[in-house]
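Quick notes on the structure that follows.
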Amino acid sequence: MKELRQIRDAVIAALGNQGLAAEAAFPDKWAAERKTPLATVDVGTAEGRALGLCGYLGERRDGGEVREVYGKRLEGVISVDIRGSRAADCQAGAETAAAVLLGGLPEGIRPGELSWEALAWERETGLFLRRGRLKCEALFLAESRDEGPAFLDFILKGVLRHEQPA
């Protein structure tokens, strides 16, 4: 689902903006090869619901142009695993991640319950590991195009869309 990838990428960007190295889950290089903690991010379970009547939210006027607006809501769980070569680094990364997850995400991601497992040693990677899970709600919007009934992709609310030139 494109929407899950948008949530994951928004969380990675928000963590990176606060100085915590972050990548999609299952990176090519583990934190053992880094001098700083690494957060890996994934979106686990997700459940979607249309907003409004069949997703219809109304119309938006942009100058003389009228576009129909549709919405979708996903409830999901964002997984953030922090790995580090030192326990203190791993803990500091988890503290930064917690602050971002509860107060530094785009407006389209509404945080719910955040839980963390205890700090543990991961034998497979030779690193300390702290696993976090955030229950959240993500809101997506789409608008009709001028050319007909086709729609733009649903975009996470609060995230700018960078369109490719034709």
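Things worth noting here:
- Once the C-beta distance of Trp116 and Ala25 is scaled by a Förster radius of 22 Å, the resulting FRET efficiency is 0.85 to the nearest 0.05.
- Förster radius 45 Å - calculated FRET efficiency between Val66 and Gln18, Cβ distance, rounded to 0.05: 0.70
- Taking the average, over residues, of other Cβ atoms within 10 Å as the packing measure, peptides 77-90, 5-18 rank 77-90, 5-18 from highest down.
Every number here is computed from the coordinates shown, using simple stated rules; none is lab data. In this text, all values refer to a predicted model and were calculated from it rather than measured experimentally. Cβ sites come from the backbone with ideal geometry, for glycine too, and all protein chains shown count toward neighbours.
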